[in-house]
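**Student:** Before I ask anything, here is the structure I am working with.
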Amino acid sequence: EQFGSTTRVRSGTGRLHPDSQGLIIGSFRQTTSRSDDPQLHTHAVISSKVQTDEHRWLALDARYVKEHQRHLGGLYQSVLRAELSHDLGVAWGPIDEGQSEIMGVPIELRELFSKRSRQIERAIRAKVSEFRDRQGRGPNQWELGAIKREAAADTRGPKSGNGVPELLTRWASEAASIGWTGHDLTTAVAEAARDRAPEPTTVDVDGVIAALSVGGSTWSRVHVMSALCDASRPQAHLSGQRWAEVIERVTDEVVGRCVELDPADAAAPRRRSDGRSMWL
């Protein structure tokens, strides 16, 4: 909301992108996948209308939100990890593209409760095969991304409407079929957390900048934040809210070490959120 709630306003032959007063978001948490497996996630529905400082209702300039879905999702995952570490004391494995697995959860149990993922993977393989037959080559990264989105949409059936209480018995039965009980899983997760080496108490700012330098020659604040979330695991003594504050503070510190490429034309109107030109 702080950096992505801009709108568009015509000015002569150009178009300014000023800040608005914020976003209207309806968020709701869900605990299951469409295959009725346990999957904690949150949906955020964002209104396409924003209000300017002059109290005019205009369209949201959603480029920031759309272009940085992966980076914003990484922030969500990082704060969720902090909440679970703080509340339940769980430890985390390597972070891969913003996501990480809870240590101690056996791979056979993860696969058992990943029916939706396997459904999408089968659809992707079929669509890639069709693409090769049709085009005589494999898809590039953009085409593969489109295929993945299409596969997810094509296999997206309606939710059953079953609540977690109704599903608990089924989950327990499925887990027992491969030799796991709730008590066994809790014990395995707790032991993995005890055996885990303590996380560093400081953030490697130089490492974050080095990772950004490998990925490209220029970057914005959201890229810094994403690299930080991918490189740092939260401290168990910090709540999710406090961890989010740490991410914001360290991101500002890293950005402060970088060279600003936005032309410093004093005559150009600037956004209050990031100080950048409204023309950009």
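**Student:** Any residue that is among the small types (Gly, Ala, Ser), closer than 30 Å to GLN69 by Cα and out of contact with any strand residue (DSSP E or B) (no Cβ under 8 Å at 6 or more places or on another chain) - is there at least one of those in segment 166-188? Can you show your working first?
**Tutor:** Going through segment 166-188, the residues among the small types (Gly, Ala, Ser) turn out to be 172-173, 175-177, 179, 182, 188.
This time we only want the ones that are closer than 30 Å to GLN69 by Cα, so: none.
No - not one qualifying residue is present in segment 166-188.
**Student:** Of all residues being of a type in the set (A, V, I, L, M, F, W, C) and touching an Asp or Glu at 6+ places or on another chain (Cβ under 8 Å) in segment 99-123, which is nearest to LEU84 (Cα to Cα)? Just the residue, please. Working first, answer last.
**Tutor:** Taking segment 99-123 first, the residues of a type in the set (A, V, I, L, M, F, W, C) are 102-103, 105, 107, 109, 112-113, 120, 123.
Filter once more, so that each one left must be touching an Asp or Glu at 6+ places or on another chain (Cβ under 8 Å): 112-113, 123.
On the way: LEU112: 22, PHE113: 19, ALA123: 32 Å.
It comes out as PHE113.
**Student:** Let me ask something else about it. Determine, yes or no, whether PRO269 is open to solvent by 80 Å² or more (accessible area, probe 1.4 Å), farther than 15 Å from VAL208 by Cα and not aliphatic (A, V, I, L, M).
**Tutor:** So PRO269 fails the test.
**Student:** Okay, next question. Among all residue pairs at least 6 apart or on different chains, which show Cβ distances below 9 Å where the first residue, located in segment 194-208, is more than 12 Å from ARG233 (Cα to Cα) and the second is open to solvent by 90 Å² or more (accessible area, probe 1.4 Å)?
**Tutor:** VAL205/ARG257
**Student:** For segment 175-184, enumerate the residues that are under 19 Å from GLU111 (Cβ atoms), open to solvent by 50 Å² or more (accessible area, probe 1.4 Å) and in a helix (DSSP H, G or I).
**Tutor:** Selection gives ALA176, GLY182, ASP184.
**Student:** I've got another one for you. Which of the following residues is in contact (Cβ under 8 Å) with a residue 24 or more places away in the chain and not small (Gly, Ala, Ser): GLU101, GLU111, GLU97?
**Tutor:** Values: GLU101 fails: in contact (Cβ under 8 Å) with a residue 24 or more places away in the chain; GLU111 fails: in contact (Cβ under 8 Å) with a residue 24 or more places away in the chain.
It is GLU97.
**Student:** So the check is Cβ under 9 Å with 6+ separation or different chains; which pairs have a first residue in segment 12-39 that's open to solvent by 40 Å² or more (accessible area, probe 1.4 Å) and a second one that's aromatic (Phe, Trp, Tyr)?
**Tutor:** ARG15/TRP279; PRO38/PHE113; PRO38/TRP171; GLN39/PHE113
**Student:** Still on this model: Residues of segment 47-57 being surrounded by fewer than 17 Cβ atoms within 10 Å (Cβ to Cβ), assigned to a strand (DSSP E or B) and touching a residue at least 12 places away in the same chain (Cβ under 8 Å), which ones? Working first, answer last.
**Tutor:** First, the residues of segment 47-57 that are surrounded by fewer than 17 Cβ atoms within 10 Å (Cβ to Cβ): 47-49, 51-57.
From what's left, assigned to a strand (DSSP E or B): 49, 51, 57.
Residues satisfying the conditions are LYS49, GLN51.
**Student:** Would you please name the residue that is modelled with the highest pLDDT, looking only at residues in segment 196-209 that are farther than 18 Å from GLY93 by Cα and open to solvent by 50 Å² or more (accessible area, probe 1.4 Å)?
**Tutor:** Taking segment 196-209 and keeping what is farther than 18 Å from GLY93 by Cα, we get 202, 204-209.
Remaining after also requiring open to solvent by 50 Å² or more (accessible area, probe 1.4 Å): 202, 204, 206.
Numbers: THR202: 74, ASP204: 79, ASP206: 84.
If we take residues in segment 196-209 being farther than 18 Å from GLY93 by Cα and open to solvent by 50 Å² or more (accessible area, probe 1.4 Å), then ASP206 is modelled with the highest pLDDT.
**Student:** Give, as residue ranges, the helices (runs of 4 or more DSSP H) completely inside segment 96-166 that count at least 1 residues that are over 21 Å from the mean Cα position of the chain (by Cα), surrounded by 13 or more Cβ atoms within 10 Å (Cβ to Cβ) and among the basic types (Lys, Arg).
**Tutor:** Values: elements: 107-112, 115-135, 141-154.
The qualifying helices (runs of 4 or more DSSP H) are 115-135.
**Student:** Which of the residues spanning segment 214-228 are assigned to a helix (DSSP H, G or I) and modelled with pLDDT of 90 or more?
**Tutor:** In the first step, residues of segment 214-228 are kept if they are assigned to a helix (DSSP H, G or I); the result is 214-215, 221-228.
Result: ARG221, VAL222, HIS223, VAL224, MET225, SER226, ALA227, LEU228.
**Student:** So in segment 213-263, with the set limited to residues that are over 18 Å from THR202 (Cβ atoms), loosely packed, with under 15 Cβ neighbours inside 10 Å and among the small types (Gly, Ala, Ser), which one is farthest from the chain's Cα centre (by Cα)?
**Tutor:** Of everything passing the filter in segment 213-263, SER217 is farthest from the chain's Cα centre (by Cα).
The values are calculated or read from the model by the stated rules, or taken from the named source; none is laboratory data. Nothing here was measured: the structure is a model prediction, and the numbers come from that model. Ideal geometry is used to build each Cβ from the backbone, glycine not excepted, and the neighbour counts take in all protein chains shown. Quick note on the areas: whole protein, heavy atoms, side chains included, nothing else; ligands and nucleic acids left out. Shrake-Rupley method; radii C 1.70, N 1.55, O 1.52, S 1.80 Å.
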